[in-house]
Amino acid sequence: MVQPKDGGHDLATRQVGGPAARHDADPAARHDRGPNAHGLAPNEDTPFVNLRDPARAVGPDGRPAVSHRAPLWADVPDERWNDWRWQLSNRVNTLEEVGQVLNLTEDERAGLSSPDKFRVDITPYFLSLIDPDDPNDPIRRQVIPTDCEHEAFTAMMEDSLAEDRHSPVPGLVHRYPDRVLMLVTTQCASYCRYCTRSRIVGDATQNFNRHDFEAQLDYLRRTPQVRDVLLSGGDALTLAPKVLESLLRGLREIPHIEIVRIGSRVPVFLPQRIDDELCEMLQKYHPLWMNLHFNHPNELTPEVARACDKLSRAGIPIGNQSVLLAGVNDCLHIQRALVHKLVENRIRPYYLYQCDLVEGSGHFRTPVGKGIEIMEGLRGHTSGYAVPTYMIDAPGGGGKIPVMPNYLISYSDHKVVLRNYEGYITTYEEPEHYQAHDKANCKYCQSPRAEAGQGGISGLLSGERLWIEPSGFEQTHRRGNESAHRLQDPSKWVPYGVGPIEGKAGQPLPGLEAGPTPPETSDAASTPGAPREPKFEYAPGEEPRPREGEATGWSHGELL
């Protein structure tokens, strides 16, 4: 499968083949009763090949499609490259090693050289996805440290979600009534620069052991109101297979635990880890759910597609939790491409998180208004199941709060006031410095999806107009009817009570002033008892602006 290019960097080296390129040995790729790849009549001798399925993408050599591999590892045999243990053992973490793959900037060199930096470890697979010559590559910004990580910002916290305060035993966070977060490791396959648990994640001295696991399980046995357990860390899928299965078995032996979830970025950093052995083990402990963490379309490679396909076939529902990150995905067109690619891989977009107020993440933070703008451009403009919920994880431990009415109490130029489900009131400090998304150099912005209808609310917010009329309103919105609907009459789109307007809806409005009051009746109607007919007639909504304190005819006549 050909992956999108970012800054001229091709993420895939093999293309999808024609109808002859197929997996004949895979029963799931066969369909003898449907039309063939050319849409012709079915042929029982020619099996159907689903070229839309990302997990079935193949290259011109007939083998499964693969993503780009950096020249540094060109001589590594495929068997080793596809071994997840080899990937973990050969992670890149020093200035010298990263410099062999990427052309580093001075800011990146300073970040990699800092003695107190948050841990760096990048799998060869994930590092290979980065354009070596583009300092703004969206994958690069997520895993390569810069000197910006040491800049303090307003409301910065070490434990911004107050997880330690909600931990009855080490590693177990009980913030919500019926569900808990179970931290089982501090290790990850690679480390995100905006990690909300950077206070402990990556530190091997703070890792959890079997004694901690038993204390967590014992708490759950004694707490029957808990029905849902989320395994996280670190990343639970980096645990040794026997340790992970021991934890899952311990949870399944507790009768009141209904749902077990795993939050993981291993399929993003290390899709090779999702093998048949792991999936066979996981499906023994259903009902089991999994939430992954994709932030950009470039992360959804052919290897990822096959890994997620294995999880789906093991009966595991998959969701996705993205973080809104400046310079990575703070763009409607990028977010739309991401959610579309997720659902194509049978991954349900679940949450879009506002970046937490955690140390080292200041340069990633966006205004809440940017998230609202993105949600406005997704909801209704694409399928409902492709639209995530925009969330702020409340500083101070209030939990996840959706950015929507009833929860968003106040929004000023520097602070957002929120209420959680319990009535807990908290604030989220807006970033003081935010560099807006570079639309001029964004390939997603340069090729937006053509879409008829309303183009946005920017004109309303700027005061340039009072309404938005869909483009081609009179011609294109009949939807096959011969006669226009009454709401397609442009006069219906004249704002009520505004007065006479020059020009058409959608253009900037001139200054409006109250005009002279016309005579109430004609000369012919001056005889007592004669019917009173208006001398001047106006189209609906075009009557002069009423004088101060005077009601319009619409307000007490036509509309009521």
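Laid out as a table, the results:
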read-out	value
Pairs, first aromatic (F, W, Y) in segment 216-241, second part of a strand (DSSP E or B), C-beta under 8 Å, six or more apart	Y219/V169; Y219/L172
Residue list for segment 123-154, filter: touching a Leu at 6+ places or on another chain (Cβ under 8 Å), of a type in the set (S, T, Y) and not in a loop (DSSP other than H, G, I, E, B)	Y125
From the options A337, A326, A314, residue that is closer than 23 Å to A436 by Cβ and more than 11 Å from the chain's Cα centre (by Cα)	A326
Any hit, segment 393-400, residues being among the aliphatic types (A, V, I, L, M), assigned by TED's automatic domain parsing to the domain that holds G327 and out of contact with any helix residue (DSSP H, G or I) (no Cβ under 8 Å at 6 or more places or on another chain)	yes
V229 being buried (at least 20 other Cβ atoms within 10 Å of the Cβ) and β-branched (V, I, T)	yes
Check on A162, surrounded by fewer than 19 Cβ atoms within 10 Å (Cβ to Cβ), more than 30 Å from Y421 (Cα to Cα) and of a type outside the set (S, T, Y)	no
Residue within segment 193-205 that is in contact with a Gly (Cβ under 7 Å, 6 or more places away or on another chain), more than 28 Å from V328 (Cβ to Cβ), of a type outside the set (S, T, Y) and in a loop (DSSP other than H, G, I, E, B) present	no
Test result for E277, out of contact with any Phe, Trp or Tyr (no Cβ under 7 Å at 6 or more places or on another chain) and touching a residue at least 60 places away in the same chain (Cβ under 8 Å)	no
Those residues of segment 202-219 which are small (G, A, S) and farther than 24 Å from A189 by Cα, in sequence order	A215
In segment 398-450, the residues that are in contact with a Lys or Arg (Cβ under 6 Å, 6 or more places away or on another chain) and in a loop (DSSP other than H, G, I, E, B)	Y407, P431
Close pairs (9 angstrom Cβ cut-off, 6 or more residues apart or separate chains): among the polar types (S, T, N, Q) in segment 355-384, assigned to a helix (DSSP H, G or I) and modelled with pLDDT under 95 anywhere	S361/E149
Pairs where the first residue, in segment 191-212, is over 25 Å from G250 (Cα atoms) and the second is outside any loop (DSSP other than H, G, I, E, B) and among the hydrophobic types (A, V, I, L, M, F, W, C), C-beta under 6 Å, 6+ apart	Y194/F364; T196/V358
Filter result for the condition that a residue is surrounded by fewer than 14 Cβ atoms within 10 Å (Cβ to Cβ), within 31 Å of the chain's Cα centre (by Cα) and either of a type in the set (A, V, I, L, M, F, W, C) or in a loop (DSSP other than H, G, I, E, B) (or both), over D116, D75	D116
Cross-chain or 6+ apart pairs with Cβ under 6 Å, segment 287-310 first and within 21 Å of G327 (Cα to Cα), then among the charged types (D, E, K, R)	H293/R265; P297/K341; N298/D6; L300/K341
Pairs where the first residue, in segment 428-445, is closer than 30 Å to G398 by Cα and the second is assigned to a strand (DSSP E or B), C-beta under 6 Å, 6+ apart	Y428/I392; Y428/V416; E429/K415
Subset of segment 27-57 [of a type outside the set (G, A, S), modelled with pLDDT under 90 and surrounded by 14 or more Cβ atoms within 10 Å (Cβ to Cβ)]	R30, H31, N36, T46, P47, F48, V49, N50, L51
Qualifying residue in segment 209-220 (condition: aliphatic (A, V, I, L, M), over 20 Å from Q87 (Cβ atoms), in contact with a Pro (Cβ under 8 Å, 6 or more places away or on another chain) and assigned by TED's automatic domain parsing to the domain that holds G371)	yes
Residue list for segment 357-397, restricted to those being on the phi < 0 side of the Ramachandran plot and in a loop (DSSP other than H, G, I, E, B)	L357, E359, S361, R365, T366, P367, H381, S383, V387, P388, P395
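Every residue, every condition in (1) closer than 29 Å to N90 by Cα; (2) of a type in the set (S, T, N, Q); (3) modelled with pLDDT under 95, yes or no:
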{"residue": "S113", "(1), (2), (3)": "yes, yes, no"}
{"residue": "L127", "(1), (2), (3)": "yes, no, no"}
{"residue": "D133", "(1), (2), (3)": "yes, no, no"}
{"residue": "F153", "(1), (2), (3)": "no, no, yes"}
{"residue": "A162", "(1), (2), (3)": "no, no, yes"}
{"residue": "L183", "(1), (2), (3)": "yes, no, no"}
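The values are calculated or read from the model by the stated rules, or taken from the named source; none is laboratory data. Keep in mind that what you see is a predicted model, and the values were worked out from it rather than measured. Note that we place each Cβ from the backbone using ideal geometry, even for glycine, and neighbour counts take in every protein chain shown.
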